[in-house]
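Q: Following this message is one structure expressed as structure tokens.
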Amino acid sequence: MTTTQTGINIAEKPSPNEKTKQSLTKIKNKIIVMSGKGGVGKTSVSVNLSIALANKGFKVGILDVDIHGPDIPRMLGITGTLELNENQKLKPISVSENLSAVSIESLTNNKDDAIIWRGPMKHSAIKQFVEDVEWGNLDFLIIDSPPGTGDEPLTVAQLIKDARSIIVTTPQEIALADVRKSINFCKTVQMEIFGLIENMSNFLCPHCNKAIDLFGQGGGEKTAKAFNLLFLGKVPFDSNMTVCSDSGTSFQNKFKNSEVSKTFMNIADQMAQLI
């Protein structure tokens, strides 16, 4: 039995059963995108990594396990509810030829309804998203989790034993302090960390073209080096990202030559080495 320093048993929920294992056999790589702190742009990283991989021709699914704040449908510009296929399995909502998505919001009639659930119900919902969704053959399943090291990432770690994590931070110390907790969470639950991304690393002034460090400089890369982790790259701050996220428009398709798009494509190239 493994416990955290606070004495909480991390094996308190059941291990994956045969049904879960069978559902996962068709998925080559499972990547959970984590952050120790909210507001670092983790969901936009999840969305843009998924789009970058799909644009490279990989079959990608994105699973939104942020039960209380599911933003994936809005960022991807998808609507509607999940339907059952002839095998009574849930069908992911198609975003493009190579990308499909599942979110708790796609099971609710009103997207503004609050999900007032405790741990066991969240665990059951995530388990259903793994077992009862017809994902098909995927090269990547990108799992967007809420900030912190609570129920949702713990459930993923227990159900998807071969999941790897990508940890997202911004450069400033207050974010990095929480990132170190995410790193230690992964070590505790024996989840391999694929790498670390520094988001909102700087802002390129549209007037003078000078890079401005809004949240400090180099913290993500230093943390990756300190923990001997792969540093995947720095994603610049771009105000157009906010506009695209709010409107459900693909930033990368609209601004293909931007530094942000180039960075995500470079990270996707690194992820492609897993295939």
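The values are calculated or read from the model by the stated rules, or taken from the named source; none is laboratory data. Here the structure is a predicted model, which is why all the values come from computation and not from measurement. Virtual Cβ from ideal backbone geometry, glycine too; neighbours counted across all protein chains shown.
Q: Please tell me if ILE197 is closer than 30 Å to ASN17 by Cβ and either part of a strand (DSSP E or B) or acidic (Asp, Glu) (or both).
A: It is false that ILE197 is closer than 30 Å to ASN17 by Cβ and either part of a strand (DSSP E or B) or acidic (Asp, Glu) (or both).
Q: Checking TRP135 against (1) in contact (Cβ under 8 Å) with a residue 60 or more places away in the chain; (2) buried (at least 21 other Cβ atoms within 10 Å of the Cβ); (3) outside any loop (DSSP other than H, G, I, E, B), only one condition comes out false. Which one?
A: Going through (1) in contact (Cβ under 8 Å) with a residue 60 or more places away in the chain; (2) buried (at least 21 other Cβ atoms within 10 Å of the Cβ); (3) outside any loop (DSSP other than H, G, I, E, B) one by one, TRP135 breaks only (3).
Q: Can you tell which of ILE143, ILE126 is assigned to a strand (DSSP E or B), within 15 Å of the chain's Cα centre (by Cα) and surrounded by 20 or more Cβ atoms within 10 Å (Cβ to Cβ)?
A: ILE143
Q: Still on this structure, I have one more. Within the range 79-100, can you find the residues that are in a strand (DSSP E or B) and either crowded, with 18+ Cβ neighbours inside 10 Å or of a type in the set (A, V, I, L, M, F, W, C) (or both)?
A: Correct list: LEU84, LEU90, ILE93, VAL95, LEU99, SER100.
Q: Could you list, in sequence order, the residues of the range 238-275 that are crowded, with 16+ Cβ neighbours inside 10 Å, among the polar types (S, T, N, Q) and over 18 Å from LEU76 (Cα atoms)?
A: SER258, THR263, listed by residue number.
Q: Only one of (1) assigned to a helix (DSSP H, G or I); (2) surrounded by fewer than 16 Cβ atoms within 10 Å (Cβ to Cβ); (3) under 18 Å from the mean Cα position of the chain (by Cα) is not met by VAL179, so which one is it?
A: Only one criterion in (1) assigned to a helix (DSSP H, G or I); (2) surrounded by fewer than 16 Cβ atoms within 10 Å (Cβ to Cβ); (3) under 18 Å from the mean Cα position of the chain (by Cα) is unmet by VAL179, namely (2).
Q: Quick check on my filter: what residues within the range 137-183 are among the β-branched types (Val, Ile, Thr), over 11 Å from VAL33 (Cβ atoms) and modelled with pLDDT of 90 or more?
A: THR155, ILE160, THR169, ILE183
Q: Something else: Within the range 33-51, track down each residue that is in contact with a helix residue (DSSP H, G or I) (Cβ under 8 Å, 6 or more places away or on another chain) and under 18 Å from ASN137 (Cα atoms).
A: Within the range 33-51, just ILE51 meets the criteria.
Q: Scan the range 66-91 for residues that are at pLDDT 95 or above and over 17 Å from THR249 (Cα atoms) and jot them down.
A: none
Q: Among the residues of the range 154-169, are any out of contact with any strand residue (DSSP E or B) (no Cβ under 8 Å at 6 or more places or on another chain), assigned to a helix (DSSP H, G or I) and basic (Lys, Arg)?
A: no
Q: Criterion first (crowded, with 21+ Cβ neighbours inside 10 Å, of a type outside the set (Phe, Trp, Tyr), farther than 27 Å from ALA177 by Cα and more than 11 Å from the chain's Cα centre (by Cα)) does LEU76 satisfy it?
A: yes
Q: If you don't mind, another one. Do we find a residue being crowded, with 17+ Cβ neighbours inside 10 Å, over 20 Å from MET34 (Cβ atoms) and touching a strand residue (DSSP E or B) at 6+ places or on another chain (Cβ under 9 Å) anywhere in the range 185-195?
A: Scanning the range 185-195 turns up no residue that is crowded, with 17+ Cβ neighbours inside 10 Å, over 20 Å from MET34 (Cβ atoms) and touching a strand residue (DSSP E or B) at 6+ places or on another chain (Cβ under 9 Å).
Q: Which pairs do you get when a residue that is closer than 10 Å to GLY233 by Cβ, found in the range 262-273, comes within reach of a residue that is assigned to a helix (DSSP H, G or I) and polar (S, T, N, Q), reach meaning Cβ atoms under 6 angstrom, with the pair 6+ apart or on two chains?
A: From the range 262-273, the pairs are PHE264/ASN48.
Q: Further question on the same structure: Say whether the condition of being under 22 Å from the mean Cα position of the chain (by Cα) and not in a loop (DSSP other than H, G, I, E, B) is met by at least one residue in the range 210-218.
A: no
Q: Between LEU107, LEU99, which is in contact with a strand residue (DSSP E or B) (Cβ under 6 Å, 6 or more places away or on another chain) and within 25 Å of THR249 (Cβ to Cβ)?
A: After applying the criteria, what remains is LEU99.
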